[in-house]
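Before any comments, here is the structure.
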Amino acid sequence: MMQYESAKAVFADWGVDTEAALAKLAEIPISMHCWQGDDVVGFEQKSGSSGGGIQATGSHPGRARTPDELRADLEFSYGMIPGNHRLNLHACYLDTDQNPDRDEIEYGHFASWVDWAKEQRLGLDFNPTFFAHAKADDNLTLSHPDQGIRDFWIEHGKRSRDIAAQMGAALGSPVVNNIWVPDGYKDTPVDRMASRVRLEQSLDAIRALKHDKAQMLDAVESKLFGIGVEACTVGSHEFYMGYAIRNETLLCLDMGHFHPTENVADKLSSVALSLDEILLHVSRPMRWDSDHVILLDDAILQMAQELVSANLLDRTHIGLDFFDATISRTAAWVIGTRNMQKALLQALLAPWDELKRAESRLDFTTRFMATEEIKDLPYGAVWSEFCARMEVATGKALIADLARYQKKVEARG
């Protein structure tokens, strides 16, 4: 407490109210992704390759093998993360004794997840699963030249939207239903236009039925390239940015789906001028879309700073997207989510009024000096206070808790 009071005074000298920052941080939900818990395997009987560059590496003991195991791991992880959050669920994580194909899924196959989310006071988000299926083995789904295959995936997309809407109605919170497809070509195609026309028509067919935005929000997600689609990705950034603007959907910016040298944070203010809301998938692309657990690094700090500086927090849905099977899966969730929160806290504790005044006067020297000096401010003390108020561990106590849980689950096959 004494450390926090000292830090509070330091930030006050910069004109920053730490109490306001803590209150705001407590309101920001992070949508944690279910697929870190089981290496993107899911709970269905399926055939086909993973497709589109979806690949988890490693075989660390303790992978969740059933919905109940996955929910237990999630409950532990949320207990280590301050605040109230959400779960991002893929359609292949259905919980049922039946074996429906992707074009046969129904809300009832996910009802247990909704019941659990109510008990845990969590929001849900959803994603149709357009990979890991025999009808996706060509790395073509909604843009496939075969109308029958397109129709199969269109039906899957329709049912996913309906499931998401019912989830949102049951939970009283809109579910973001995010569409990503692996469609593309390993070598250079000669007719990109035909593929993109088919993709657009398929998306239009999926979205033909209007849903209440209080229950479900559509989002579309681009990608640069993936394994097997190195030459051309049909759903490129430009394709989906145009589609989202024309159709008033959310645009998903996945930090792993751009060139590693691109600053994804820089895109936020540009797309926000044309879109009401944005979806983020926060990841760490060490090599293209390699989906490493996020660090508290420059890319994450810049993303958080842009969200706060541009007043985009209330228009942005923050989700995570990484899967690392070389380390404890629960530890990956906890550390990754907390790093996103730490980045947001640092952004909320920045003296934006002073920095923006200097920039508006073209006083770049003051801006430069201030942005460097505030790097030394006692953020850690404010974060520790936040965790203490939320009754979650920090430091060595957190490490011990994570290790203890990993020891408990590592006997799983």
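Derivation of every value follows stated rules applied to the coordinates shown; laboratory data play no part. Everything numeric here is computed off the predicted structure, so don't read it as measured data. When we count neighbours, we look across all protein chains shown, and the Cβ atoms used for this are built from the backbone with ideal geometry, even at glycine.
Only sites in a loop by DSSP and with at most 10 other Cβ atoms within 10 Å count here; which trypsin sites (Lys or Arg not before Pro) in region 327-409 make the cut? Please list the in-between numbers first.
Working: sites: Arg329, Arg338, Lys342, Lys356, Arg357, Arg361, Arg367, Lys375, Arg389, Lys396, Arg404, Lys407, Lys408; in loops: Arg361.
Qualifying residues, ordered by number: Arg361.
Just to confirm the number: angle between the C-alpha axis of helix 192-206 and the first principal axis of the chain, 0 to 90 degrees, nearest 10?
That helix lies at roughly 80 degrees to the long axis.
If I model region 183-316 as equal point scatterers sitting on the Cα atoms and use the Debye formula, what is log10 I(q)/I(0) at q = 0.10, 0.14, 0.17 Å⁻¹?
So the normalised log intensities are -0.36, -0.70, -0.99.
Going by Cα centres, region 9-46 and region 377-399 are how many Å apart?
14 Å
Filter the cross-link list Lys24/Lys407; Lys118/Lys213; Lys24/Lys213 down to pairs whose alpha-carbon distance in this structure exceeds 30 Å.
With Cα atoms farther than 30 Å apart: Lys24/Lys407.
Above 36 angstrom, tally the Cα pairs of region 29-348 and express them as a % of all pairs, no decimals.
10 percent
Helix 364-373 sits at what angle to the longest principal axis of the chain, using alpha carbons and giving 0 to 90 degrees rounded to 10?
Taking the Cα atoms of the chain, the angle to 364-373 is about 90 degrees.
How long, wide and thick is region 242-320, going by the Cα atoms along their three principal axes, in whole angstroms, largest first?
32, 25, 19
Using Cα atoms only, what is the angle between the long axis of helix 2-13 and the major principal axis of the chain, expressed in degrees (0 to 90) to the nearest 10?
90 degrees
Test of the criteria: in region 179-287, which GluC sites (Glu not before Pro) are in a DSSP loop and have at most 14 other Cβ atoms within 10 angstrom of their Cβ? Spell out each step's value before the answer.
Details: sites: Glu200, Glu221, Glu230, Glu238, Glu248, Glu262, Glu277; in loops: Glu230, Glu248, Glu262, Glu277.
In loop regions of region 179-287 (DSSP not H, G, I, E or B), the sparsely surrounded GluC sites (Glu not before Pro) are Glu248.
Are there any trypsin sites (Lys or Arg not before Pro) in region 84-193 that are in a DSSP loop and have at most 11 other Cβ atoms within 10 Å? List them by number. Please report the intermediate quantities before stating the final value.
Working: sites: Arg86, Arg102, Lys118, Arg121, Lys135, Arg150, Lys158, Arg159, Arg161, Lys186, Arg192; in loops: Arg121, Lys186.
Sparse-neighbourhood loop trypsin sites (Lys or Arg not before Pro): Arg121.
Roughly how compact is region 95-224, stated as its Cα Rg over 2.2 N^0.38 Å to two decimals? Please report the intermediate quantities before stating the final value.
Values: Rg = 15.6 Å, N = 130, 2.2 N^0.38 = 14.0 Å.
Against the compact-globule rule of thumb, the ratio is 1.12.
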